[in-house]
Amino acid sequence: MKRRIISALLILGCAATMAACTSSEDKFVSELKAAGFTNIGDPSTEKSKKSKKIGKRTVKTSERIIEVIVRMKGCDLEFAKTSGQSGYWLDELHVNGQEPDWPGYPENLNRDQVVKLLADSSAKPNGFSSCYKPNES
């Protein structure tokens, strides 16, 4: 009887965890839509675990990063957010399956600010000019 109860609790716990993760992803997509983005892909979540030795203790932490690809002006832009925290950032530009470095990328931009960033003369990642189409939405 105890095994059945434990199994049921484990199943409920897993289902609650999955629902919480999906909820965070949905909230992030809603946040991007509220910022004016329209061509939003499916969100994905990456988990990272870190451990740090402090004296005789080892402190373990985990972090979930939600990522969403937004297609804009011909470019695939990856926006990221730490689950449970406010704000998001423009993480990467995807060009032909590559993710070139974009030094000094800004955070929490709305659609109009991203359009302006793509059109201005600031430093852009390698390959940007091959994907950027100013006449696309």
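Going by the conditions given, is Val59 buried (at least 16 other Cβ atoms within 10 Å of the Cβ), modelled with pLDDT of 85 or more and not charged (D, E, K, R)? No, not satisfied. Considering (1) of a type outside the set (A, V, I, L, M, F, W, C); (2) within 17 Å of Ser24 (Cα to Cα); (3) out of contact with any Asp or Glu (no Cβ under 8 Å at 6 or more places or on another chain), say which one Ser121 fails and leave the rest. Only one criterion in (1) of a type outside the set (A, V, I, L, M, F, W, C); (2) within 17 Å of Ser24 (Cα to Cα); (3) out of contact with any Asp or Glu (no Cβ under 8 Å at 6 or more places or on another chain) is unmet by Ser121, namely (2). When the range 24-61 is filtered for residues that are more than 30 Å from Val114 (Cβ to Cβ) and among the small types (Gly, Ala, Ser), the ones remaining, listed by number, are Ser51, Gly55.
Scanning the range 62-107 for residues that are touching a Phe, Trp or Tyr at 6+ places or on another chain (Cβ under 8 Å) and touching a residue at least 60 places away in the same chain (Cβ under 8 Å) gives Met72, Lys73, Gly74, Tyr88.
Looking only at the range 67-104, residues that are under 21 Å from Asn126 (Cα atoms) and surrounded by fewer than 16 Cβ atoms within 10 Å (Cβ to Cβ) come to 10 in all. Taking the range 40-49 as the range and being over 16 Å from Ser83 (Cα atoms) and modelled with pLDDT under 90 as the test, no residue passes. The set of residues in the range 106-120 that are surrounded by fewer than 16 Cβ atoms within 10 Å (Cβ to Cβ) and not in a strand (DSSP E or B) comprises Pro106, Asn108, Asn110, Asp112, Gln113, Lys116, Leu117, Ala119, Asp120. Answer with yes or no whether Ile54 is of a type outside the set (S, T, N, Q), over 10 Å from the mean Cα position of the chain (by Cα) and modelled with pLDDT under 90. Against the criterion (of a type outside the set (S, T, N, Q), over 10 Å from the mean Cα position of the chain (by Cα) and modelled with pLDDT under 90), Ile54 qualifies.
The values are calculated or read from the model by the stated rules, or taken from the named source; none is laboratory data. Only a predicted model underlies this, so the values are computations on that prediction, with no experimental measurement involved. Note: ideal-geometry Cβ built from the backbone for every residue, glycine included; neighbour counts use all protein chains shown.
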